[in-house]
Amino acid sequence: MSQNLKFVTAISGHTTKGLLLRNQPLLDLISEADFVSTLFLSLTGKKPKKNEKKILNAILVASIDHGINPASGFVPRVVASSGNDILTCMASALLALGPYHGGAITNAMNVLKEIAADGDDKEQACERMIDSYRLEKRRIPGFGHPKYRTVDPRAKVLFEMARKDELDIEYMNLAKQLEHSLEQKLNKKLVLNIDGAIAALLLTLGIDPIAGNAMFGVARVAGSIAHIVEEQKSGSWVRRIPEDDVEFAPE
Ligand SMILES: CC(C)(COP(=O)(O)OP(=O)(O)OC[C@H]1O[C@@H](n2cnc3c(N)ncnc32)[C@H](O)[C@@H]1OP(=O)(O)O)[C@@H](O)C(=O)NCCC(=O)NCCS
């Protein structure tokens with residue numbers, strides 16, 4: 001057998017005790033666990049504490065839907081209106097996400113981790129991070145939102161919950177410091193958005209940054225299902241952009 005087809009995994013496997021997921025029999029989990037705890041177990045190898053489970057659940061709820069306006073809202077409906085099956089439409093919701101929409105979490109986690117490791121003075125560490133991004137004309141992931149100019153209410157509620165439930169505040173404080181430093185440096189408010197808030201909370205939960213964007217993705221794809229079903233039952237086949245909304249401007 002070819003060596004590159006040999007997988008070694010600590011996550012799950014079939015044993016004489018049945019399928020074990022992180023050493024827990026799946027058949028026991030089916031009757032005893034909820035989905036969020038099982039997702040946490042699968043990702044971290046640990047069962048979540050009560051407050052950890054509550055905030056991961058809140059993250060998923062906060063990410064499930066934000067109306068039809070953003071790309072992940074209208075793209076699956078347009079794809080559904082072309083007559084595609086549900087899985088194709090769900091995949092299109094995922095493909096509509098990216099670094100500017102729902103896919104800034106992994107990068108934001110890496111930014112916050114870097115700031116956490118950069119000396120004792122966090123204000124200065126945030127300023128250094130902002131300077132390095134400005135030098136390269138890049139946007140800081142996790143900040144700014146086209147709809148929210150003073151506060152992203154989803155981020156606010158998530159942080160309030162996490163603080164009330166006594167989760168560690170280190171990364172939440174770093175995210176708020178970075179928001180403050182951005183306003184000072186750029187002289188304009190760029191809100192800590194849902195991606196930035198989720199980034200701080202996933203680091204608090206000990207979830208790997210590689211998985212960061214997937215937490216938003218899994219929730220938004222779940223949220224797309226109802227939209228796809230509604231669209232396909234609406235009889236609005238083959239959605240088109242109105243002619244007035246398209247300007248042909250040849251060079
Ligand atoms: C989310 C985002 C696309 C919203 O864009 P928007 O509100 O339409 O903002 P605009 O594209 O109009 O940008 C307004 C100005 O703020 C700046 N800006 C916006 N977000 C910024 C950020 N995160 N870091 C630095 N500057 C930013 C833009 O460069 C622009 O500057 P300019 O006027 O000098 O050109 C944008 O804020 C962004 O790219 N954020 C980073 C990625 C991110 O967090 N995505 C997840 C969103 S939930």
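For the condition within 11 Å of the ligand (Cβ to nearest atom) and over 15 Å from residue 107 (Cα atoms), what is the one hit in 188, 164? Just one listed residue meets the conditions, 188. Put simply, of 224, 181, 236 the only residue that is of a type in the set (S, T, N, Q) and part of a loop (DSSP other than H, G, I, E, B) is 236. The residue list 122, 137 contains one member that is modelled with pLDDT of 95 or more and buried (at least 16 other Cβ atoms within 10 Å of the Cβ), which is 122.
Within the stretch 188-209, residues that are under 9 Å from residue 143 (Cα atoms) reach partners that are in a loop (DSSP other than H, G, I, E, B) and more than 9 Å from the ligand (Cβ to nearest atom) with beta carbons closer than 6 Å, at six or more positions or on different chains, in the pairs 191/151. When the residues of the stretch 92-110 are narrowed to those that are in a loop (DSSP other than H, G, I, E, B), within 11 Å of the chain's Cα centre (by Cα) and within 9 Å of the ligand (Cβ to nearest atom), which ends up surrounded by the fewest Cβ atoms within 10 Å (Cβ to Cβ)? Only one residue fits best here, namely 99. Residue pairs whose Cβ atoms lie under 9 Å apart, separated by 6 or more positions or on different chains, with the first residue in the stretch 129-148 and closer than 20 Å to residue 119 by Cα and part of a helix (DSSP H, G or I) and the second near the ligand (Cβ under 6 Å from one of its atoms) and not small (Gly, Ala, Ser), are 129/140; 130/140; 133/139; 133/140. For the stretch 117-129, does any single residue satisfy the condition of being more than 13 Å from the ligand (Cβ to nearest atom) and under 30 Å from residue 232 (Cα atoms)? Checking the stretch 117-129: not a single residue is more than 13 Å from the ligand (Cβ to nearest atom) and under 30 Å from residue 232 (Cα atoms).
Within the stretch 130-158, take every residue that is closer than 20 Å to residue 64 by Cα and of a type in the set (D, E, K, R) and give me the one that is farthest from the ligand (Cβ to nearest atom). Top of the filtered list is 156. For residue 168, state whether it is farther than 14 Å from residue 196 by Cα, without any contact (Cβ under 8 Å) to a residue 12 or more places away in the chain and of a type in the set (Asp, Glu). Criteria not met by residue 168.
The values are calculated or read from the model by the stated rules, or taken from the named source; none is laboratory data. The model shown is predicted, which means the values in this text are computed figures rather than measured ones. Note: ideal-geometry Cβ built from the backbone for every residue, glycine included; neighbour counts use all protein chains shown.
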